[in-house]
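Novice: Below is one structure. I have some questions about it.
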Amino acid sequence: MRAGAVIANAVALVFCTAVCAVFVLIVGRLGFAGALVAGLVTLLISYNVELEDGMLVPLVDDAIREVDLATGRIVVARGFLL
């Protein structure tokens, strides 16, 4: 694994840990409403498509250029493969 990929994964892990800590605080303060908001945000953050080679593509308008269901092909913009 390249050094850049290792650093990117480490930063992502730290960020996710911080986000989880914020969610715990929100749920602790707001109860059910906080849990609902935290769950929805988590769903939006983690909505990715995994390709055959294991790479992840975030499902956002800027990342996905074209989807061809008949051939099972997805055209992805440069810079969005994780």
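Novice: Being part of a helix (DSSP H, G or I), modelled with pLDDT of 75 or more and within 19 Å of the chain's Cα centre (by Cα) is the requirement here; does Ala38 meet it? Before the answer, list the steps.
Specialist: Values: part of a helix (DSSP H, G or I): yes; modelled with pLDDT of 75 or more: no; within 19 Å of the chain's Cα centre (by Cα): yes.
No: the conditions fail for Ala38.
Novice: Quick check on the range 68-82: of everything there that is within 29 Å of Arg2 (Cβ to Cβ) and either part of a strand (DSSP E or B) or in contact with a strand residue (DSSP E or B) (Cβ under 7 Å, 6 or more places away or on another chain) (or both), which residue is modelled with the lowest pLDDT?
Specialist: Leu82
The values are calculated or read from the model by the stated rules, or taken from the named source; none is laboratory data. Since the model is a prediction, treat every value here as computed from it, not as a measurement. Positions of Cβ are generated from backbone atoms using ideal geometry, with glycine treated the same way; all protein chains shown enter the neighbour counts.
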